[in-house]
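Colleague: The structure follows.
The values are calculated or read from the model by the stated rules, or taken from the named source; none is laboratory data. Keep in mind that what you see is a predicted model, and the values were worked out from it rather than measured. Backbone-built Cβ (ideal geometry, glycine too); neighbour counts: all protein chains shown. Protein only, heavy atoms only, side chains kept; ligands, DNA and RNA dropped before computing areas. Shrake-Rupley method; radii C 1.70, N 1.55, O 1.52, S 1.80 Å.
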Amino acid sequence: MSVFVSGATGFIAQHIVSLLLEQNYKVFGSARSEEKANKLMTNFGNNPNLTMVIIPDISKLDAFHDAFKIYGREIKYVLHTASPFSFVAENIEKDFLIPAKNGTLGILESIKLYAADTVERVVVTSSFAAIMDLRKILDKTATFNESTWNPDTWETCQIDASFGYNGSKKIAEEAAWNFLKENGDFVKFKLSTVNPVLVFGPQTFDSDIKSTLNTSCEVINRCLNAKPDSPVSNFSSQFIDVRDVAKAHLYAFQNDNTIGKRLFMVNGDFNEQDIFNCLNADFQSLTGKIPIGVPSNGVLGTQMGAFIDNTKTREILGFEFTTFEKSVHDTAEQILKRQGKF
Ligand code: NDP
């Protein structure tokens, strides 16, 4: 039973690949370069169940064709995680919208062409960005749940990089559901999506700790690098742990109660003060080196803005999500250990 994981070198995807290999699946992973593919193979101890393919740019609609032409008959499950994730862009269409949309449509088209009878389940890594309206995130009268959608379009999301990234996830997810509506008679697969908020947690491999981390973990890394007199910003968001997100991807293709569903992965609101509260409480080595701020300004356990409701997802998955404290602790501990500051 083989699983294809696009963007296997990513922060979330490496956790997914790790769980898949633990459960003895044969995994085909895509990476943008030989170098990144080889590094991942080495990190996974050259596990014979892991085969890497090189797909340099998912913006090309036929990017996945060669891989599926060769391996498609062996692939039963497809997890499409590859998509640009950043809040900086020079060109929103080129950097976000085109790779997100074409990557999703491209892999589904490759399945249709070369693995229509073999692929049974597809899980697309979407995002809270596809569920929410950025203009209403601090509006206490708004609700976001598994059935709500980001209202932005290709045109309206091009205001700035945040709207652009969010729009890319909405457009890509919508394209996946529409593809299935239009091609349901020609493919066997059922679709599910995993829609996480900001994802924290350790890297699968310590060697991936660099001076700058992946976009979501960089939020914690920035706090670790703050000076004691730096102001605590009013940044707030929602969190989920990467280990729960990875588990949800496996659950999604292993169970029928996820068919046609969006798994909305969120475990609460937080602000930057909450991160400093955790870091100051947990790591003596940071005393006097990072800001204390005003500890009572934390928002953990309270509703910051819109009502965020993932009751349905929690019922489907049936497992407890990792707490904010553990997620921040484990993220920071790995960074500090790697820097010899633990
Ligand atoms: P990463 O940046 O670590 O992973 C993104 C993956 O996509 C990498 O493998 C990256 O390749 C690949 N990729 C990006 N752009 C392209 C492109 N143009 N062509 C080919 N491959 C590309 O981020 P995450 O692991 O955090 O994100 C994984 C998925 O989860 C994304 O779809 C993201 O939108 C979604 N997500 C993430 C959240 C988070 O907080 N982390 C929250 C909600 C959703 P390379 O390794 O070479 O850069």
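Colleague: Figure the gain on full extension for Phe186 and Ile54 (residue separation times 0.36 nm, minus the Cα-Cα span) and round it to one decimal in nm.
Modeller: Contour length minus the Cα-Cα distance gives 44.8 nm.
Colleague: Quick one: if you stick a label point 7 Å off each Cα along the C-beta vector at Leu61 and Ser230, how many nm between them?
Modeller: Result for the modelled spin labels: 4.4 nm.
Colleague: Next up: To the nearest 10 square angstrom, how much accessible area does Asp57 have with a 1.4 angstrom probe?
Modeller: Accessible surface of Asp57 is approximately 70 Å².
Colleague: Rounding to the nearest 20 debye, state how big the charge dipole of the chain is about its Cα centre with +1 on each Lys and Arg Cβ and -1 on each Asp and Glu Cβ. Before the final figure, lay out the partial values.
Modeller: Values: 34 positive and 40 negative charges, 93 e Å.
In total the dipole reaches around 440 debye.
Colleague: In Å, what Rg and Dmax follow from the Cα atoms of the range 1-142?
Modeller: 16.1, 52
Colleague: Still on this structure, please answer the following. Rounded if a/c is under 1.5, else prolate if a/b beats b/c, else oblate: with a ≥ b ≥ c from the C-alpha gyration tensor eigenvalues square-rooted, which is the range 291-335?
Modeller: The shape class here is oblate.
Colleague: Given the options Ala67, Ala130, Ala252, which has the most mean-square fluctuation in a GNM of the chain, springs set between C-alpha atoms less than 10 angstrom apart?
Modeller: Greatest mean-square fluctuation among the candidates belongs to Ala67.
Colleague: Next question, about the same structure. Listed highest first by mean packing, meaning other Cβ atoms within 10 Å per residue, what order do 266-278, 206-218 come in? Provide the component values of the computation, followed by the final result.
Modeller: On the way: 266-278: 23.5, 206-218: 15.4.
The most tightly packed comes first, giving 266-278, 206-218.
Colleague: Along the Cα→Cβ direction, 7 angstrom out, place labels at Gln23 and Thr287. What is the inter-label distance in nm?
Modeller: It is 4.4 nm.
Colleague: Continuing with this model, one more query. How long are the semi-axes of the equivalent ellipsoid of the chain, taking √(5λ) for every eigenvalue λ of the Cα gyration tensor, in whole Å from largest down?
Modeller: That gives 33, 23, 18 Å for the three semi-axes.
Colleague: Using modelled amide H (1.01 Å from N, peptide plane; none on Pro or chain starts), what sits under 5 Å from the amide H of Leu50, excluding residues fewer than 5 places away?
Modeller: Val27
Colleague: Order 322-333, 177-188 from most to least packed using the mean count of other Cβ atoms within 10 Å.
Modeller: Ranked by mean Cβ neighbours within 10 Å, highest first: 322-333, 177-188.
Colleague: Can you spot the lysines whose alpha carbon is less than 20 Å from Lys261's alpha carbon? Ignore those fewer than 8 places along the same chain.
Modeller: Cross-link targets: Lys76, Lys101, Lys169, Lys170, Lys181, Lys188, Lys190, Lys247, Lys312.
Colleague: So if we plug the beta-carbon distance of Arg222 and Thr302 into 1/(1 + (r/R0)^6) with R0 = 22 Å, what FRET efficiency do we get, rounded to 0.05?
Modeller: 0.45
Colleague: Compute the long axis of helix 161-183 from its Cα atoms, compare it with the longest principal axis of the Cα atoms of the chain, and write down the angle in degrees, 0 to 90, nearest 10.
Modeller: Its long axis makes an angle of about 30 degrees.
Colleague: Is the shape of the range 193-236 rounded, prolate or oblate, going by the alpha carbon gyration tensor and its root eigenvalues a ≥ b ≥ c, with a/c under 1.5 for rounded and a/b larger than b/c for prolate?
Modeller: Since a/c reaches 1.5 but b/c is at least a/b, the shape of the range 193-236 is classed as oblate.
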